[in-house]
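What follows is a set of notes on a single structure, which appears directly below.
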Amino acid sequence: MNVRSDRLTKYVSARSLGAEGAILLDANEAQTGSELRSYGIQQNRELLGLLARNYQVGDATVLYDRGLDEIISLILRATCDAGSRVRIFTPTYGMYAVEAEAQGVAVERVALRPDGRLDLEEISQNPGTPSLVILCRPNNPLGTVDSVSSVIELLETYRGICPVFIDEAYAEFTPDTALDYRKLIEEYDVVFGRTFSKAYGLAGLRFGCALAAPRWISRLSVVQRPYPVSRLVESFILSHFESTIRPSAERNIESMLDARPRWQKALSDLLVLTPLPSHANFLCFQTLQAQKIYARFRSGGVVVRFFEPDLLRITVGTDTQLNRIEELLGSPL
């Protein structure tokens, strides 16, 4: 397999050794003050168990860190040497290329089909020899989603060549295309990324996780920085997940799925455009007038996202926000 060598050395932090005692003098922490004077645990077993149950995988197949962006950095560090290549499918989330290039990894960009999905025929004919393949599913910024069968075909194409990282930051919004993580991580060299930033409404918490076979979790842990999340984050999730976090996510998903058709209809009428089919919490319009429309939104105090040369991405919000947009824009653009 075309991945970096296994000659990686894991940093062993004081608390990762697992030693217990009444007096902890091993990590040079302050010895007086609040409980925050001490580091957290590298990977809290209780928190790993909670995540495993939530994503329906085994405890040994989960690793968490400071948001999904840090997971992206980990998978690149674990699989790619400087000078190797990562393959991405564009348009896609910009941090893949930014993080890869920061680590000296070349980026191969393969265009998605006009409908925003993988061109599996082209990929199978020219798989290349990357050290890592990254798929954003559902796609950001398009909102499109590749089918379960397409994902499996992609994994088959790269079997024995390199691992595949599948970023599923928006997966909660497309339950009808859910992947069987437990089965796929047993059969393929694949790592899935999940986050609490979108459906869970906790972007400010900065918490994400990787789901993969134990051998890949072990490899990611080798390049992980010590004490990846704060004790505050760890404690908050453990204390509030069942009572507040999960119910809130369920309400967020239901509310967004209910609002999305209204936003699609209203914005389509205002912009005189049809968005790409969305499986996320946003709508994406492709038009040569994207920059002009973006400026019109901004002039009315509404901030949306413009991607060169022709994409406009708009997060689905509340009815109140939609009414305000209709008032500000007034008539079709």
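Could you give me the percent of Cα pairs per 5 Å distance bin for region 279-333, shortest bin first, beginning at zero and ending with the bin that holds the maximum distance?
4, 19, 28, 29, 15, 4, 0
As a footprinting exposure proxy, order H279, H240 by other Cβ within 10 Å, with the fewest listed first.
By the 10 Å Cβ count, ascending: H240, H279.
Treat the count of other C-beta atoms within 10 Å as a stand-in for reagent exposure and order E186, E70, E153, E254 from fewest to most.
Listing E186, E70, E153, E254 from fewest to most nearby Cβ atoms yields E254, E186, E153, E70.
Under 5 Å between amide H atoms, partner at least 5 residues away or on a different chain: which partners does F282 have, H built in plane at 1.01 Å?
Close amide H contacts, sequence-distant or interchain: V316.
Give me the dipole magnitude in Debye, nearest 20, for region 245-329 about the Cα centre, with unit charges on the beta carbon: positive for Lys and Arg, negative for Asp and Glu.
That gives region 245-329 a dipole magnitude of about 160 debye.
Out of residues 5 or more away from E108 or on other chains, whose amide H comes under 5 Å of its own, with H placed 1.01 Å from N in the peptide plane?
Here the answer is V86, R87, I88, since their amide H atoms fall under 5 Å of that of E108.
Mind grabbing the base-10 log of I(q)/I(0) for region 245-329 at q = 0.20, 0.23, 0.26 Å⁻¹? Debye formula, identical points on the C-alpha positions, no solvent, two decimal places.
Result of the Debye calculation: -0.91, -1.15, -1.39.
Where in the chain are the helices, taken as whole DSSP H runs, whose Cα atoms extend 18 angstrom or more along the long axis and whose Kyte-Doolittle mean reaches at least -0.5?
What comes out of the filter, once short or polar helices are dropped, is 67-79.
As a test of the formula, what do you get for the chain when each DSSP H run with n ≥ 4 contributes -39,500 (n - 2.57) and the sum is divided by the residue count, at 222 nm and rounded to the nearest 500 deg cm²/dmol?
Per the formula, -11000 deg cm²/dmol.
With a Cα-only, solvent-free Debye model of the chain, what are the log10 I(q)/I(0) values at q = 0.14 Å⁻¹?
Computed log10 I(q)/I(0) values: -1.17.
Please grab the % of Cα pairs in region 92-243 that end up more than 25 Å from each other.
33 percent
If you take every DSSP beta bridge fully contained in the chain, what fraction is antiparallel? Give it as a percent rounded to 5.
Percent antiparallel among DSSP bridges in the chain is about 50.
Hey, what's the per residue convex hull volume over the C-alpha atoms of region 167-284, in cubic angstrom?
Here the figure is 140 Å³ per residue.
Near the amide H of D167, under 5 Å away, which other amide H atoms are found, from residues 5 or more places off or on another chain, if H is placed in the peptide plane?
L135, C136, R137, G193
Coordinate-derived values only; no laboratory data. The structure presented is a predicted model; accordingly, all values stated were derived computationally and were not measured. Every residue, glycine as well, gets a Cβ built from its backbone with ideal geometry; the counts of neighbours run over all protein chains shown.
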